[in-house]
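Inspection log for the structure reproduced underneath, given as structure tokens.
The values are calculated or read from the model by the stated rules, or taken from the named source; none is laboratory data. These figures come from a predicted structure and were not determined experimentally. Don't worry about glycine lacking a Cβ; one is built from the backbone with ideal geometry, like all the others, and counts go over all protein chains shown. Accessible surface areas use protein heavy atoms only, side chains included; no ligands, DNA or RNA. Shrake-Rupley method; radii C 1.70, N 1.55, O 1.52, S 1.80 Å.
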Amino acid sequence: MSNRTVLITGATSGIGEATARLLAKNNFRLILCGRRKDRLEALRMELSGITEVTTLSFDVRDQHEVARAIASLPPAWKAVDVLINNAGNAHGYGPIQTGNIDDWDAMMDINVKGLLYVSREVIPGMTERHSGHVINLGSIAGKEVYPNGSVYCASKFAVDALTQGMRMDLNPFGIKVTSINPGLVETEFAMVRFKGDKEKASAVYKGIVPLKGEDIANIILYTLACPPHVVLADITVFSTAQASSTIVNRN
Ligand code: NDP
Ligand code: 8X3
């Protein structure tokens, strides 16, 4: 379908990993990013028989690390056509009055500032070339707030605002900007949120058929397959069992 170069943050699990696999099959060149080097290397080995793949290991919270990593890309990889800002997580679940400050910092630093740091390094190449596509992973949590999730929701509301602002600022350059806002997707997300508590994590998806990383990957591929004059600006996607952040039909 394409030989565009795509940089995916958070490619070591869940939505990012599924997207890497699907885009590889569709002939996109991949820059896979994440902190876990072993997983990046395993994915690189798996996918490099199908397409060209390179990896960058960095923590999106560290602006200097982000800048250094992206500057280290060899010339053949410097022109990023598609940036998928996917790295992110919820950390903790509970009311504001007893919130854990480290969790708050993690969510703001990763989901908001990390997205900004990566965007700041990649987007100038797109504006120079007057072409590109930025896809930000928002969430239903960036559209409606739910109890015990206020700071994660705030971080995703910020992503929503940034996506809208990017679309405006990048409009003169012909750069597409897309926001994808899923409901419940079964990935490592709940395990991270509940700090490895399997019981709490599996309860999130109990009694429903949740979305899978592959479902979001398919939407990303469809978004990328649109003709040059079409941009899917803002997509909210639920499993059929979900109607809102708080209404989930569990059997
Ligand atoms: P996963 O936990 O499966 O994946 C999260 C990814 O983000 C991992 O690859 C992880 O890589 C990366 N990441 C986390 N922290 C950092 C960091 N500090 N620096 C660099 N990379 C980091 O979750 P999902 O796949 O579900 O989440 C992907 C995106 O989708 C997130 O933005 C999430 O908010 C959003 N989303 C998820 C939903 C869900 O229900 N699962 C619903 C709506 C949106 P590593 O640890 O190797 O660094
Ligand atoms: C992830 C979806 O509902 O767990 O962004 O916040 S939710």
**OP:** Give the residue, chosen from Glu128, Glu121, Glu199, that is within 26 Å of Arg39 (Cβ to Cβ) and free of Cβ contacts under 8 Å to residues at least 24 places away in the same chain.
**Re:** Glu199
Original post:
In the set Gly183, Gly114, Gly196, which member is within 12 Å of ligand 2 (Cβ to nearest atom), among the small types (Gly, Ala, Ser) and under 24 Å from Thr12 (Cβ atoms)?
Top reply: Gly183
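Scan Arg35, Arg44, Arg4, Arg29 and give me the residue that is under 22 Å from Asn89 (Cα atoms), among the basic types (Lys, Arg) and open to solvent by 10 Å² or more (accessible area, probe 1.4 Å).
Arg35
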Subject >> All positions within the stretch 148-166 that are assigned to a loop (DSSP other than H, G, I, E, B) and closer than 17 Å to Val185 by Cα >> reply: Gly149
**OP:** Of all residues in the stretch 135-147, count the ones that are in contact with a helix residue (DSSP H, G or I) (Cβ under 9 Å, 6 or more places away or on another chain), in a loop (DSSP other than H, G, I, E, B) and closer than 12 Å to Thr246 by Cβ.
**Re:** 3
Original post:
Among (1) under 16 Å from Asn181 (Cα atoms); (2) within 15 Å of ligand 1 (Cβ to nearest atom), which single condition is Met108 missing?
Top reply: (1)
**OP:** Identify, from the list Val209, Val192, the residue that is open to solvent by 20 Å² or more (accessible area, probe 1.4 Å), in a helix (DSSP H, G or I), modelled with pLDDT of 95 or more and out of contact with any helix residue (DSSP H, G or I) (no Cβ under 7 Å at 6 or more places or on another chain).
**Re:** Val192
Original post:
Pick from the stretch 77-93 the residues that are over 29 Å from Phe28 (Cα atoms) and open to solvent by 30 Å² or more (accessible area, probe 1.4 Å): which of them is farthest from ligand 1 (Cβ to nearest atom)?
Top reply: Tyr93
